[in-house]
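Just so you know, all these numbers are worked out from the coordinates, no wet-lab data involved. All of these numbers come straight from a predicted model, not from anything done at the bench. Reconstructed Cβ throughout: ideal geometry from the backbone, glycine too, with neighbour counts over all protein chains shown.
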Amino acid sequence: MGLTHRALLYDGRSDFLAATGAFLRQAVEVGGAAVAVVRPDNLGPLREELADHRDEIEFYDSAEFYRHPVRTLKAYLELVDRVSPLRVHAVAEPVWDGHDARQRLEWQRYESLINVVFAGSGASSLCPYDRSTLPGDVLDQVRLTHPVVVDGADERPSDAYLDPASYSAAQDLGRRHDRPADAEYLPIEADDLQPLRLFVATRANAHELTPAAAQNLVTAANEVAANALAHGTPPMGAWVWTSGDEIVCEIGDHGHWRPPPLTGFVPPRSALDTGFGLWSVRLLVDLVELRGGWGGTFVRLRVRR
Amino acid sequence: MHWASGNGSAAYAEPTRTHRDGQGMGTWYDTRYVDDVRPGDHAWLPYSGAEERDHVVAPFVAGALATNEKIVYVTDAPAARLPGMSAFDPAAFAATGQLRVLTRAESCLDAAGGFDPDRLGRTIDREVARGFEAGFRAVRFTTDFTWLLAAGADLTGLLGCEDRLAHAVSPSTVAMAVCQIDRRRCPPDRLVELGATHEVRVEGNPLFDDGTLRIARSFAPRGLRIEGELDRARHAVFAEHLGRLLAGRRGVHLDCGGLGFLDLGGLNLLVRHALALPRGEALILDDLPANVENVIDMVGWNRLPGLVPGRARGARDGGATAWA
């Protein structure tokens, strides 16, 4: 079982309804699990368009479904498992407005990761992109992240498509890693990480994260530090600072780790799988940024209140 | 009663440790490990089975014999079969007066075979005074009062007796008492009344306690209670106790009610142990605090094969649950 992952470039509502409507009708006809995850303003019209198949199609609001790329991948995996042995045929329309550059980059990476995470699932995904409203840099990436692009009656393989590992690595090249001079610092010197948890929890609470979000950040920071203690090279330490709504926690050591580009992005099947720790860390906070090199290994965790 | 009072012995000079203040069944009391019970403590032990009872009574008895303290045990069972006696020769300790195993008939029954609280009071007075004169640094008393809870029994005698015990033990620098009660045989309201006559509740010594993580046996249901923070520095000791629990078939429940932090490596550790269980069995995580459960929900129970959520938080209310 392979994966069919196609982008749909469309112009305006009627174009959208015609293409996605046909896709979903065909999904029902072939006995697949038909799923529509579309932006709020497309949701009502699409339901209406497919009123005769109302009970055979699951509808979701993209604004709810696409909040956190790592969690969205997990939710889609759960969907695939739930309907198995039926194959998922999904109209999957991400949200592209309201993001800063860093978040947009993660959603683009997400589109690319679909090709790895669902390879072998037998699923078919059609990802609509509104050419009339989306910004150029979003549209530019579509051909890099989708192996096939549908444009009107024209459907052809994308010659710009990059394998997800290369795409992901390229996405991280432009990252900046400034750290404010007034960031608070705690050296990690002993095996016992209780002082680190207290250090992070105190600042997370002061930043008014919810108790659950604070515990998630503490759990994530603890995991990264435990990993540094197990595999890294002293000296090690943690920095915490805030920037607007965001609290940032960075754990660094002087080891020379070059993480493979997809590290911790592909959901593990169980807690015993390699990569469970870093994947969980990505799940627990809003954003994880890794950088490794001769200067050391640094893992930056970001959470908005 | 006039139990000896005076200067406390040096061994008990430290302030008594109370590891948890708690409200149980409507009554406030300190909860103490059995090794932390001190002269002046009138403690009760509500238990849910012989295993739990012996887990507390055995160190109470053995602790006396190992440290020049006298133990007075009112029971009709033979001395050699009492909890805590496996490493000791009863005859040798009986000969010195350090071990006194008294039958009910010779310590607390009247001529008609009924419970006589006054007689029990006099018996204890006498044993404590003799123990003090013989130079023992403390006198420990214990008995199981469950036999007084027969259906429809009037508890007035027992409650009055407990009251007397409390007034006598509390000011003493020599005497301490542990009153055993099978909570399964006691209606919840009676259990509340009985508990209220004690200021200390005693529980088994922890298997491990470093101030950050505490691991203890739990008995209803059977398993381990984990309190505090389970992290990398404590994985090895936790794995050791969990492995021993599972290998000995001593329960599969983990009481997580007091768990403040569980790291991701801890989840991995739990799964590894759960998968070693016989087919069809699981490790059951009871009473998960919301913030810990949130982390587990986030990664998904489906990634934690062999672990299942158990009793929901707040379902536990002491005696009522065990008695029902």
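Here is the list for region A:149-257: trypsin sites (Lys or Arg not before Pro) lying in DSSP coil, each with at most 13 other C-beta atoms within 10 angstrom of its C-beta, are A:175, A:176. Applied to region A:79-94, the Karplus parametrisation 6.51 cos²θ - 1.76 cosθ + 1.60 on θ = phi - 60° returns per-residue 3J(HN,Hα) values of 5, 4, 5, 5, 8, 3, x, 5, 9, 7, 10, 10, 8, 10, 10, x Hz, with x for Gly and Pro. Over chain B, dividing the summed -39,500 (n - 2.57) contributions of all DSSP H runs of at least 4 residues by the number of residues returns a 222 nm mean residue ellipticity of -10000 deg cm²/dmol.
Measuring how big the protein assembly as shown is from its alpha-carbon positions, Rg and Dmax come out at 32.8, 106 Å.
The overall shape of region B:208-319, judged from the alpha-carbon gyration tensor, is rounded, with an a/c ratio under 1.5.
Computed from phi, the 3J(HN,Hα) profile of region A:214-227 under the Karplus parametrisation 6.51, -1.76, 1.60 (θ = phi - 60°) reads 5, 5, 4, 5, 4, 5, 5, 4, 4, 5, 5, 5, 4, 5 Hz, with x in place of Gly and Pro. Exposure proxy ranking for B:149, B:259, based on other Cβ atoms within 10 angstrom of each Cβ and starting from the fewest, stands as B:149, B:259. Among the DSSP beta bridges whose two residues both lie in the protein assembly as shown, what percent are antiparallel, rounded to the nearest 5? Beta bridges within the protein assembly as shown, antiparallel portion: roughly 40 percent. Distances between placed amide hydrogens fall under 5 Å for residue A:8 paired with A:127, A:129, A:150, all partners being 5 or more residues away or on another chain.
Secondary structure note: in chain A, about 55% of the DSSP beta bridges are antiparallel.
Over the residues of chain A, the helix contribution to mean residue ellipticity at 222 nm works out to -13000 deg cm²/dmol, using -39500 (n - 2.57) for each DSSP H run of at least 4. Taking a ≥ b ≥ c as the square roots of the eigenvalues of the Cα gyration tensor, region A:159-301 is classed as rounded, since a/c falls below 1.5. Taking Cα centre as origin and charging only the Cβ of basic (Lys, Arg, +1) and acidic (Asp, Glu, -1) residues, the dipole magnitude of the protein assembly as shown rounds to 1380 debye.
Connecting C-alpha atoms closer than 10 Å in a GNM of chain B, tell me which of B:205, B:302, B:68 has the biggest fluctuation. The residue that fluctuates most here is B:302.
With an a/c value under 1.5 for the gyration tensor axes a ≥ b ≥ c computed over the alpha-carbon atoms, region B:10-203 is described as rounded. Cβ-to-Cβ counts within 10 Å put A:151, A:192, A:81 in ascending order as A:81, A:151, A:192, the fewest first. Here the Karplus curve 6.51 cos²θ - 1.76 cosθ + 1.60, taken at θ = phi - 60°, turns the phi angles of region B:204-210 into couplings of x, 4, x, 6, 7, 7, 10 Hz, with x standing for Gly and Pro. Under 5 Å from the amide H of residue A:237 lie the amide H atoms of A:188, A:252, each residue being 5 or more positions distant or on a separate chain, with H modelled from the backbone and absent for Pro and chain starts. Distant-in-sequence amide contacts of residue B:33, defined by a placed amide H-H separation under 5 Å and a gap of 5 or more residues or a different chain, comprise B:19, B:203.
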